[in-house]
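> Before we start, here is the structure in question, set down as C-alpha cells.
The values are calculated or read from the model by the stated rules, or taken from the named source; none is laboratory data. No experiment lies behind these values; they were computed from the predicted model shown. Methodologically, a virtual Cβ is constructed for each residue, glycine included, from the backbone with ideal geometry; neighbour enumeration extends over all protein chains shown.
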C-alpha cells in the first residue's frame, strides 16, 4: 500500500473551458449497489466519494474515495470535519456503467468559462432537428398500434438517449400533473439486447414506490400525454395559506402538502422553481384545495 497525503477537492483540469455542477440521486433499491459493483468491502469501508476522469483516448479507470470504518470509531461521518480517506482505483468496471447502475436521477450542467458567474434565463424551448408536436391531434389521429419498443445492444448509449427523451417530455408531463422516470435493462458486454422503460406517474404518487404506467418508447409516452390533456384540468394555488412547500436541497423533489386533504404532491425542483400554481389533468377531482380550471 502506497502512502499519500494530499487534499481531495474539486475537479480540476489545466484549462477549464467548461465548468459546472453535478448532482446524483442514487438508487435505493435494486439487486446490486455501489459496493457490489466496485467490490469494495462494505464491512471495512464507507465510500464517501467518486472520482471519474478521462481524455481524448477515453475514460480513465474510476476511483472511489473511502474511509475505514475503524477510523470512525463511534462517530458519524457528518461529525468528522477532517477526514482521512483512501483513494481506491477500481479495476474491471467501466466508468459509465458504474454511474448508470447506481443512478436514479442525474443532473449535470456545464457552462462556458466566460459566463461562469452570469445569470442565465431560458426564454425558448427548441428541438434540433425540429420534432413533431402531437398535442393538438385528435384522438382518432393517434396510431392504434403500440410504437416499437426502444432497444439497443449498448445499454449506455440507450440510457443516454432515453434520458434525453424523458427530459424533453417532462415539461409536458408536468403540465398535466405527472412525472416521468426511466430505466434501461441489460448489462454492458452481456450480449443481451437492452430495453428502455419509461414510467409516467402522477404527482400524488410517491417517487420511491415505482408506481405508474410503463411504456417502452417515447412515442408511446407522447400518445399517453396527449390522452391526458383531454381530461378535466384542476389547479392548486401554491400561495394558498393551506398549501405548504418543503424542499430538501439533497433531494430532486419538492413536497407540496395540501392541509385541507392531507395529500402530498411530489414535484421536481427544476419544474417548480418560482411557480405559483400546480395543474393536474384527472378524471376525478383531486379534492382538498384543488379547483376546476378552465384553460
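> Can you tell me which residue among 249, 275, 288 is in the same structural domain as residue 178 (by TED's automatic domain parsing) and either assigned to a helix (DSSP H, G or I) or at pLDDT 90 or above (or both)?
None of the others qualify; the one that does is 288.
> Of the numbered conditions (1) out of contact with any strand residue (DSSP E or B) (no Cβ under 9 Å at 6 or more places or on another chain); (2) modelled with pLDDT of 90 or more, residue 65 fails exactly one; give the number of that condition.
Only one criterion is unmet by residue 65, namely (1).
> Another question, if that's okay. What number of residues within segment 241-261 are surrounded by fewer than 16 Cβ atoms within 10 Å (Cβ to Cβ) and more than 14 Å from residue 206 (Cα to Cα)?
12
> Have a look at 174, 215 and point out the one that is farther than 28 Å from residue 291 by Cβ, touching a helix residue (DSSP H, G or I) at 6+ places or on another chain (Cβ under 7 Å) and modelled with pLDDT of 90 or more.
Only one candidate passes the filter, namely 215.
> Among (1) modelled with pLDDT under 90; (2) surrounded by fewer than 16 Cβ atoms within 10 Å (Cβ to Cβ), where does residue 207 come up short?
(2)
> Also, quick follow-up: I'd like the full set of residues that are free of Cβ contacts under 8 Å to residues at least 24 places away in the same chain and either under 30 Å from the mean Cα position of the chain (by Cα) or closer than 11 Å to residue 48 by Cβ (or both), limited to segment 61-79.
67, 76, 78, 79
> Look at segment 221-246 and say how many of its residues are modelled with pLDDT of 90 or more and within 30 Å of residue 22 (Cβ to Cβ).
4
> Which ones in segment 110-131 are surrounded by fewer than 10 Cβ atoms within 10 Å (Cβ to Cβ) and within 30 Å of residue 183 (Cβ to Cβ)?
Those that are surrounded by fewer than 10 Cβ atoms within 10 Å (Cβ to Cβ) and within 30 Å of residue 183 (Cβ to Cβ): 122, 125, 126, 127, 128, 129, 130.
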